[in-house]
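Undergrad: The structure under discussion is supplied below as structure tokens; questions concerning it will follow.
The values are calculated or read from the model by the stated rules, or taken from the named source; none is laboratory data. Note that the coordinates shown come from a computational prediction; the quantities given were computed from them, not determined experimentally. No Cβ is skipped: glycine too gets one built from the backbone with ideal geometry, and neighbour counts run over all protein chains shown. Side chains included, ligands, DNA and RNA excluded: accessible areas come from the protein's heavy atoms. Shrake-Rupley method; radii C 1.70, N 1.55, O 1.52, S 1.80 Å.
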Amino acid sequence: VQLVESGGGLVQPGGSLRLSCAASGFNLRDHFIGWFRQAPGKEREGVSCISSGDKNPDYAASAKGRFTISRDNANNTVYLQMNSLKPEDTAVYYCAAHPILFGRCVLSRAYKFWGQGTQVTVSS
């Protein structure tokens, strides 16, 4: 079972990035998928998540209106499209998976599977 994030990099403020989370060893479509981030000296925080049924994707207030989570079940991949990036979005971004969650998935600490993270730096 493995999750691999990609797509991070250096981008100017106002720019966009699309992060990918590719799974091997299990089907992402059967799991809740979350995107989290951790900036230096700060706690990890949930950014966005999507249920196994793709209902009601959830976003942290800081991401709402700028980030979009989506699935590509054929490629067993989940994406996080990030637009209008700000310097405060700079962090290591992780994807995580869990079979079933209750409550707001973006706030859950129960995720079982985690990727290694991809660095996103927003700077001019």
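Undergrad: Calculate the dipole size of the chain relative to its Cα centre from +1 charges on Lys and Arg beta carbons and -1 charges on Asp and Glu beta carbons; express the result in debye to the nearest 20.
TA: Working: 13 positive and 9 negative charges, 33 e Å.
Rounded to the nearest 20 debye, it is 160 debye.
Undergrad: At 1.4 Å probe size, with every protein chain present, just tell me what the per residue accessible area of the chain comes to in Å². Spell out each step's value before the answer.
TA: Details: 6310 Å² over 124 residues.
About 51 Å² of surface per residue is accessible.
Undergrad: Work out from phi, with θ = phi - 60° and the Karplus expression 6.51 cos²θ - 1.76 cosθ + 1.60, the ³J(HN,Hα) of each residue of region 89-105, listed in order in whole Hz, and give x for Gly and Pro.
TA: Each residue of region 89-105 in turn: 7, 4, 4, 8, 9, 10, 9, 9, 9, 8, x, 8, 9, 10, x, 6, 5 Hz.
Undergrad: Over 24 Å apart: what share of the alpha carbon pairs of the chain falls there, rounded to a whole percent? Each step should come with its number before you reach the end.
TA: On the way: 1401 of 7626 pairs.
Value for the chain (Cα pairs over 24 Å): 18 percent.
Undergrad: Starting from the Cα of Asp30, move 7 Å in the Cα-to-Cβ direction to define the label point; list residues of region 80-124 whose amide nitrogen is under 13 Å from there.
TA: Answer for region 80-124: 98-100.
Undergrad: Taking amide H positions as placed 1.01 Å from N in the peptide plane, with prolines and chain starts having none, which residues 5 or more places from Ala60, or on another chain, fall under 5 Å of its amide H?
TA: Correct list: Ser48.
Undergrad: Here is a further query. Can you pull out the GluC sites (Glu not before Pro) in region 1-78 that DSSP calls coil and that have at most 10 other Cβ atoms within 10 Å? List each step's numbers first, then the result.
TA: Working: sites: Glu5, Glu43, Glu45; in loops: Glu43.
Passing sites in region 1-78 are Glu43.
Undergrad: If you look for lysine pairs in the chain that are eight or more places apart or on different chains, how many of them have Cα atoms under 22 Å apart? Could the numbers behind the result be given before it?
TA: On the way: Lys42/Lys64; Lys42/Lys86; Lys42/Lys112; Lys55/Lys64; Lys55/Lys112; Lys64/Lys86.
So the count works out to 6.
Undergrad: How big is the accessible area of Leu3 in square angstrom, nearest 10, if you roll a 1.4 angstrom probe over the protein chains?
TA: Here the accessible area works out near 10 Å².
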